[in-house]
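What follows is calculated from the coordinates using simple rules that are stated; it is not laboratory data. Computed from a predicted structure; not experimentally measured. Neighbour counts are summed over all protein chains in view; Cβ atoms, including those assigned to glycine, are modelled from backbone coordinates with ideal geometry.
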Amino acid sequence: MPAPRPPTLVLLVRHGQTPTTGVVLPGRAPGLHLSAAGRRQADAVAGRIGRLAKVAAVYASPLERARETAAPIARARRLAVRVERDLADLDVGRWTGQALRRLRRKPEWQAIQRHPSGFAFPGGESFTGMQARVASALARLVERHPGMTIVAVSHADPIKAAVALALGAPLDHFQRIAVAPGSVTAIVYRDLGPLVLAVNSLDGGLAGLPG
């Protein structure tokens, strides 16, 4: 019988605020950077994670707002930010860059909130495809870092989808999970299955984590 694999603690960080947070659906639009508030959030989360004993690696979505959030976390550990493309935000296709107030009036918005598993963005990605992509990325990172603590900076929907999967909750319930800018979600991946330690942690809450 093979020896059990050492558990890996993954700290999922949502990027900090941008000038369009809560106003526009950014998707994968390039050139969107952190706002001044977002840079403060990135520094704050770097400080919180810096109090953990050891972080082996810092990964980030390729989008600028994620890499800019990862930078101070990595710098505090003298690590390089490693880009993982499958941590990228949901590809919302032709909805990219549209105002949320307009999108909320579309009939499809109710499907996104109540039955996301059955929805795919026109010219973009489905929610089920996004969840599978993120799950595959996290599995690769866990395989690469057995028994270690790693950071993965991503986006709200991918993190919420990862939490739902770890909890065994249907994807249609993932909109019930809150993941704020600059928050930390902690999941331990074990042979016996994932263990969710924290979701949407903003102030403290990391002191008792292993690592």
Report the FRET efficiency, 1/(1 + (r/R0)^6), for R40 and R140, where r is their Cβ-Cβ distance and R0 is 25 Å, rounded to 0.05. 0.20
Using amide H atoms built in the peptide plane, which far-off residues or other-chain residues are under 5 Å from A198 H to H? A186
Can you sort S201, S136 from fewest to most other Cβ atoms within 10 Å of each residue's own Cβ? S136, S201
Give me, ordered by chain and number, the residues 5 or more places off S126 or on other chains with an amide H under 5 Å from its own placed amide H. F121
Structure-based [θ]222 nm, the chain - -39500 (n - 2.57) summed over DSSP H runs of at least 4, per residue, nearest 500: -10000 deg cm²/dmol
C-alpha center-to-center spacing [segment 12-43, segment 149-163] in angstrom: 15 Å
Below 8 Å, C-alpha to C-alpha, sequence gap of six or more: please give me the relative contact order for segment 99-187 in percent. 27 percent
Long-range HN-HN contacts of V83 with modeled amide H, under 5 Å: A60
Given unit charges at Cβ for Lys, Arg (+) and Asp, Glu (-), the dipole magnitude of the chain about its Cα centre in debye, nearest 20, is 380 debye
Projected onto the charge dipole of the chain (unit charges on the beta-carbon of Lys, Arg, Asp and Glu, signs +1, +1, -1, -1), the Cα from L171, G31, T185 with the largest positive-side position is that of G31
Using the Karplus curve 6.51 cos²θ - 1.76 cosθ + 1.60 with θ = phi - 60°, work out ³J(HN,Hα) for each residue of segment 172-180 in order, rounded to whole Hz, and write x for Gly and Pro. 5, 9, 5, 5, 7, 9, 9, 9, 7
With 10 angstrom as the radius, rank R85, R48 by how many other C-beta atoms surround their C-beta, starting from the fewest. R85, R48
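Which whole-number percent is the relative contact order of the chain (Cα, under 8 Å, 6+ apart)?
Computed over the chain, the figure is 32 percent.
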In whole Hz, the Karplus estimates of ³J(HN,Hα) for segment 101-109 (6.51, -1.76, 1.60; θ = phi - 60°; x where Gly or Pro) are 4, 6, 5, 5, 8, 6, x, 5, 4
Helix 127-144 vs. the chain, principal-axis angle (Cα, 0 to 90°, nearest 10): 20 degrees
Which one, (i) 47, 40, 28; (ii) 50, 44, 26; (iii) 49, 32, 31, gives Cα extents along the principal axes in Å as derived from the coordinates shown? (ii)
Helix 156-167 versus the longest principal axis of the chain: what angle, 0 to 90°, nearest 10, using Cα atoms? 60 degrees
